Amino acid sequence: MRKKIIEFRNVSFRYGDEGPWVLKNCSFEIYENEWVAIIGHNGSGKSTIAKLLNGLLFPQEGEIIIDGEVVNEESIWNIRKEVGMVFQNPDNQFVGATVQDDVAFGMENRGVPREEMKKRIIDTLAAVGMQDYRLTEPHRLSGGQKQRVAIASVLAIAPKVLILDEATAMLDPSGRQEIMQTVASIQGREKLSLITITHDLQEVAQADRVIVMNSGEIWKEQTPREVFSQKEALREIGLDVPFVAILAGELKQAGVAISTEPLNHKELLEDLWTLHSRT
Amino acid sequence: MDITFENVTYIYQQNTPFAHKAIDDLSFQIKSGSYVAIIGHTGSGKSTLIQHLNGLAIPTEGKVSIGSYHLSKEEKPKDMKELRSKVGVVFQYPEHQLFEETVAKDIAFGPQNFGVSEAEIQNRINEITSAVGLDESLLERSPFDLSGGQMRRVAIAGVLAVKPDVLVLDEPTAGLDPRGQKEIMDMFYKLHQDQGLTTILVTHSMEDALKYADHVLILNKGTKYMEGSPEEVFSQKEALQRVQLDVPEIVQFLDEFQERFGTSIPFKKQSVKELAEAIQQQIKGAEST
Ligand SMILES: Nc1ncnc2c1ncn2[C@@H]1O[C@H](COP(=O)(O)OP(=O)(O)O)[C@@H](O)[C@H]1O
Ligand SMILES: Nc1ncnc2c1ncn2[C@@H]1O[C@H](COP(=O)(O)OP(=O)(O)O)[C@@H](O)[C@H]1O
Ligand SMILES: [Mg+2]
Ligand SMILES: [Mg+2]
C-alpha cells in the first residue's frame, strides 16, 4: 500500500478573525514519492496551502497531518525537517556568503554533525548540477542557478516533501528547464514527495496528479490528462489549456477521429500516425 | 515616431576594471506604428537596449534616434523630460515602484510631473482606469491593498496617463496568472491599435511575440542575431536553438509532424483551427490513395 505523507482534513483558513475565508473546507492526500501539481488563479489559495504545510500558518478549522503527526505549535520543529520549500524570487533565498555556506546553513540550524554536513553539501550540489560552484558567491549566479542552489539547500536537510511555490516563475525559459530537469531527476532517484505550484502547463503535465484550486476550494483532483480535457471549464476559472489539447479539439471538429486525450506532441502524433496508416 | 539604432555600443563602467560591453555595434530600425518584440536570453542586453529609448542610457558609441530626438556621445536632447513624456516605459514588476497613498494619486504622479493640468489629469484618469480594466471604486484605495494583478494595472495606468507615443514593455506579464497575462496583453494590443502607438515588447514568450508582434528582433550577447517578421524568424528553429531560445509551440509541433510523417506543413502563422484542417487534408489524402 502507498504510504500517506500529507493529509488535509477539512481545512479552512483565513488571515485574521475578520478576514474572508481563503481556504474553505479543503481535504486531500499526498503519498510518498508522488508528484502533485497545484494550479489555480492568483489568489486561489495555493501559497496559503504551502505555508500551512510547513507550519508558517495554522488552520482555524480542520487538521493537517504530515507523516502521521498533526501540525501544531509543538510539532512544527519536527515537521519543518520533513517539509522543504523553495519560493519564487531567487534573490530572496540566500543567507550564506558562498554557495556551500548557504547549503550548510539549514543543516547547522538542525544540528547536523560536521562530517555528515560536508558529505551532504557535496551530494546535494551534485544532485542539482552545481558541484563546481561550491565557493562561488550566490549573487554571481544566474536565476536558474540560484534556484538550483536553493533546492540543494532544502534537499540537504533530507525532507520527505519538497514544495516549489512558483519557483520557476521569474526565470527565463532555459532557467526554467534547468530547474525542471533537476527536479525530475531528483524525483526519480529519491524517496521524495514533490509539490509544484505553477502556471506552467508543461510542468503540470509531468506531475502524477493535479489539484486545481478555485477561490479557496478544491475544484478538481485528477490526473493531468483528465484536467486538460476540460477546456472550457478551465478557461472559466482563469486557467490555460495546453496547445495539444486545443489542437486535439480542433482535429475532432475537423472530422479526424482522435481516440485519446493527448498530453504531449508525441502522443498526438502517434494517434495521427495510427489513423494515417490504417487507411 | 521612427526609432533608429546606428552602430550602437554601450559599455557599463567604462574605463574601470569592471567595464562590460552590454550592447555591441547594434543597428536596426523600428517604423512608427509597428509592434516589435525583442527576444534574447537573460544578459543578452534587452534591458540595456530599452534604457536608450528614454535616455536612461546614452550610447558609448554610435547614435540612437527617436523621432527628432538624437542620443549620442556628442549630442543629447536639450529637453530629456520631453523625450520621456513621449516614450513610456513599463519596467519589470512595475508595481514595486508604486508609492502614493491612493491609486488616483499614483496614476496622477506622471502627468503632474510633466506639467499636465489638473482638469486634464482627471479626464485621463477616468479614461485610463477603464482602459486598463480597473474599477473606479478602487481609485481612492491604497494601491498596497490591491491584488498583484490590480497593482500591476495601476502602475501601467501611471505610464499611460502621460500619453506616450512609444510604449516600451519589459516583460509586462511576469508573475501573473494565465488570465491576467492574456488580459494585460490584449489591453496593450488594443491601445496599440486604437492610439496608433509604437509598441516595443521585451518578452520570453515566443507565443506572445507570434501573436502580437509584426516584427521580431533577436539579441545575443548584445548583438543582433536575427530580425524579421514572426514567420521568418520563427521558422528558423535550429538558429534559435543555437542561442538557447525556443520556437513557438506550433512551430515545434510542425517540425515533429514532418519528422513523423515525412511531409511538411509550412509555418505561416496559421491558427490552430487552420492547422487542424491542414492535418486533416494530409490524413484524408492518404485515405484516397
Ligand atoms: N498575509 C496575508 N494577509 C491577508 N490576506 C492574505 C495574505 N496572504 C494572502 N492573502 C489573501 O489570501 C488569498 C489567497 O492567497 P494565496 O494563498 O497567496 O493565493 P495564490 O498563491 O493562489 O495566489 C488571496 O485573496 C490573498 O489576497
Ligand atoms: N548596471 C550594470 N553594471 C554592469 N553590468 C551590467 C549592468 N546592468 C547590466 N549589466 C550587464 O550587461 C549585460 C546585459 O544586461 P541586460 O541588458 O540587463 O540584459 P537582459 O535584459 O537581456 O537580461 C549583462 O551581462 C549584465 O550582467
Ligand atoms: Mg502564490
Ligand atoms: Mg532584462
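The values are calculated or read from the model by the stated rules, or taken from the named source; none is laboratory data. What you are looking at is a predicted structure, and each value in this text was computed from that prediction instead of being measured. Because the Cβ atoms are built from the backbone with ideal geometry, glycine has one as well, and the counts that use them run over all protein chains shown. Accessible surface areas use protein heavy atoms only, side chains included; no ligands, DNA or RNA. Shrake-Rupley method; radii C 1.70, N 1.55, O 1.52, S 1.80 Å.
For every residue, the table says whether it meets (1) touching a residue at least 24 places away in the same chain (Cβ under 8 Å); (2) open to solvent by less than 30 Å² (accessible area, probe 1.4 Å); (3) assigned to a strand (DSSP E or B).
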{"residue": "A:84", "(1), (2), (3)": "yes, yes, yes"}
{"residue": "A:94", "(1), (2), (3)": "yes, no, no"}
{"residue": "A:102", "(1), (2), (3)": "yes, yes, no"}
{"residue": "A:170", "(1), (2), (3)": "yes, no, no"}
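Please work out if residue A:105 is over 26 Å from residue A:8 (Cβ atoms) and in contact with a Gly (Cβ under 6 Å, 6 or more places away or on another chain).
Working: over 26 Å from residue A:8 (Cβ atoms): yes; in contact with a Gly (Cβ under 6 Å, 6 or more places away or on another chain): yes.
The answer is yes for residue A:105.
Kindly establish whether residue A:49 is under 23 Å from residue A:187 (Cβ atoms), in contact with a helix residue (DSSP H, G or I) (Cβ under 8 Å, 6 or more places away or on another chain) and at pLDDT 95 or above. Spell out how you get there, then give the answer.
On the way: under 23 Å from residue A:187 (Cβ atoms): yes; in contact with a helix residue (DSSP H, G or I) (Cβ under 8 Å, 6 or more places away or on another chain): no; at pLDDT 95 or above: yes.
For residue A:49, the condition - under 23 Å from residue A:187 (Cβ atoms), in contact with a helix residue (DSSP H, G or I) (Cβ under 8 Å, 6 or more places away or on another chain) and at pLDDT 95 or above - is not met.
Mind checking which residues of the range B:241-256 are within 29 Å of residue A:271 (Cα to Cα) and either in a helix (DSSP H, G or I) or touching a His at 6+ places or on another chain (Cβ under 8 Å) (or both)? Passing the criteria: B:241, B:245, B:249, B:250, B:251, B:252, B:253, B:254, B:255, B:256.
Picking from A:43, A:84, which residue would you name as being closer than 30 Å to residue A:140 by Cα and either at pLDDT 95 or above or not polar (S, T, N, Q) (or both)?
Numbers: A:43 fails: closer than 30 Å to residue A:140 by Cα.
The conditions single out A:84.
Within the range B:160-170, restricting attention to residues that are under 20 Å from residue B:213 (Cβ atoms) and either surrounded by 20 or more Cβ atoms within 10 Å (Cβ to Cβ) or within 16 Å of ligand 1 (Cβ to nearest atom) (or both), which residue is nearest to the other protein chains (Cβ to nearest Cβ)?
Looking only at the range B:160-170, we keep the residues that are under 20 Å from residue B:213 (Cβ atoms), and these are B:160, B:164-170.
Within this subset, residues satisfying the condition of being either surrounded by 20 or more Cβ atoms within 10 Å (Cβ to Cβ) or within 16 Å of ligand 1 (Cβ to nearest atom) (or both) are B:160, B:164, B:166-170.
Details: B:160: 22, B:164: 27, B:166: 25, B:167: 22, B:168: 19, B:169: 16, B:170: 13 Å.
Once the filter is applied, the top-ranked residue is B:170.
Scanning the range A:182-231 for residues that are more than 12 Å from the chain's Cα centre (by Cα) and over 24 Å from residue A:26 (Cβ atoms) turns up A:182, A:185, A:186, A:188, A:189, A:190, A:191, A:202, A:231.
Could you list all residues from the range A:135-148 that are closer than 21 Å to residue A:180 by Cα and part of a loop (DSSP other than H, G, I, E, B)?
Taking the range A:135-148 and keeping what is closer than 21 Å to residue A:180 by Cα, we get A:138, A:141-148.
Once the filter is applied, which keeps residues that are closer than 21 Å to residue A:180 by Cα and part of a loop (DSSP other than H, G, I, E, B), the range A:135-148 yields A:141, A:142.
Hey, residue B:47 hits all of (1) on the phi < 0 side of the Ramachandran plot; (2) at pLDDT 95 or above but one; which does it fall short on? Condition (2) is where residue B:47 drops out. Restricting to the range A:145-167, give me the number of residues that are within 14 Å of chain B (Cβ to nearest Cβ) and open to solvent by 10 Å² or more (accessible area, probe 1.4 Å). Summing the residues that are within 14 Å of chain B (Cβ to nearest Cβ) and open to solvent by 10 Å² or more (accessible area, probe 1.4 Å) in the range A:145-167 gives 4.
Could you please tell me which pairs satisfy a Cβ distance under 7 Å, a separation of 6+ or placement on different chains, a first residue in the range B:13-26 that is of a type in the set (Gly, Ala, Ser) and within 10 Å of ligand 2 (Cβ to nearest atom), and a second residue that is part of a loop (DSSP other than H, G, I, E, B) and open to solvent by 90 Å² or more (accessible area, probe 1.4 Å)? Taking only residues 6 or more apart or on different chains, the pairs are B:19/B:13. Just one of (1) within 16 Å of ligand 3 (Cβ to nearest atom); (2) open to solvent by 60 Å² or more (accessible area, probe 1.4 Å) fails for residue A:40. It is (2). Taking the options B:279, B:283, B:265, name whichever one is more than 10 Å from chain A (Cβ to nearest Cβ), over 22 Å from the mean Cα position of the chain (by Cα), open to solvent by less than 60 Å² (accessible area, probe 1.4 Å) and among the hydrophobic types (A, V, I, L, M, F, W, C). On inspection, the qualifying residue turns out to be B:265.
Per-residue answers, yes or no, for (1) in contact with an Asp or Glu (Cβ under 9 Å, 6 or more places away or on another chain); (2) open to solvent by 50 Å² or more (accessible area, probe 1.4 Å):
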position	(1), (2)
B:226	yes, no
B:235	no, yes
B:245	no, no
B:254	no, no
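The number of residues in the range A:77-113 being closer than 14 Å to residue A:50 by Cα and away from every other protein chain (no Cβ under 14 Å) comes to 7.
At least 3 residues being within 16 Å of ligand 2 (Cβ to nearest atom) is the threshold, and among the strands (runs of 3 or more DSSP E) wholly inside the range A:1-59 not one reaches it.
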